[in-house]
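Asker: I'd like to ask some things about the structure below.
The values are calculated or read from the model by the stated rules, or taken from the named source; none is laboratory data. Source: prediction; values computed, not measured. Neighbour counts are summed over all protein chains in view; Cβ atoms, including those assigned to glycine, are modelled from backbone coordinates with ideal geometry.
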Amino acid sequence: MVIETIDKHHVNQQGTRRHHWLSLLIAILFALTIYPTKAHAQIIGNLEVNIPFQFHAGNAKLPPGKYIVHMLDNSDLTIMEISSLDGSISALFQVQDAEANSTPGKSELIFNKYGNRYFLAKVFDEGNANGSEVSKSSYEKKVSQATMEAQTHVAAKHQGATGKVAAN
């Protein structure tokens, strides 16, 4: 009889533990479904852009011209590359997630402007409010302390797409 009572008590404890674990699992799943997850920024494919001024991308200084911008493969969405159409100039730069105030109607590159110096700041793909923000170089940080900031938007298109690409 004592053994039966102990066995029943043991079975009740196991049932209670299972119930606690099941409740905890359901609570975790519920929390994960209601917690908003941030979408990762990603430019799909190559963006082609005509940049009418000299600019900086990361630590590189680039001349005006036609460029291709894309995420670097296997970079966990943290490294982008910009290269001239002919492939003679190329630069890598680090990015992080960015969110536009409103969904852009066209793909665009946004530049911070300090005096007559332009620095690539953000890249957004058409129809996607999630984009990429370029990490500021030490040079941009230094220049930004000395002058006022403005922004310049330059339209881009997916490589191979038709249509004009112009600066705003």
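Asker: Looking for something hydroxyl-bearing (Ser, Thr, Tyr), surrounded by fewer than 17 Cβ atoms within 10 Å (Cβ to Cβ) and more than 23 Å from Met80 (Cα to Cα) - is there at least one such residue anywhere in region 143-152?
Answerer: Yes, there is a match, as at least one residue in region 143-152 is hydroxyl-bearing (Ser, Thr, Tyr), surrounded by fewer than 17 Cβ atoms within 10 Å (Cβ to Cβ) and more than 23 Å from Met80 (Cα to Cα).
Asker: Now for a different question. Would you tally the residues in region 118-148 being outside any loop (DSSP other than H, G, I, E, B) and closer than 17 Å to Ile44 by Cβ?
Answerer: Total satisfying the criteria: 6.
Asker: Hey, among Lys106, Lys61, Lys113, which residue is closer than 22 Å to Gly160 by Cβ and of a type in the set (Lys, Arg)?
Answerer: Lys106
Asker: For region 69-111: of the residues being buried (at least 18 other Cβ atoms within 10 Å of the Cβ), touching a residue at least 40 places away in the same chain (Cβ under 8 Å) and more than 12 Å from the chain's Cα centre (by Cα), which is farthest from Lys157 (Cα to Cα)?
Answerer: Phe93
Asker: Shifting gears a bit: From Lys61, Lys66, Lys157, which residue is over 14 Å from the mean Cα position of the chain (by Cα) and modelled with pLDDT under 95?
Answerer: Lys157
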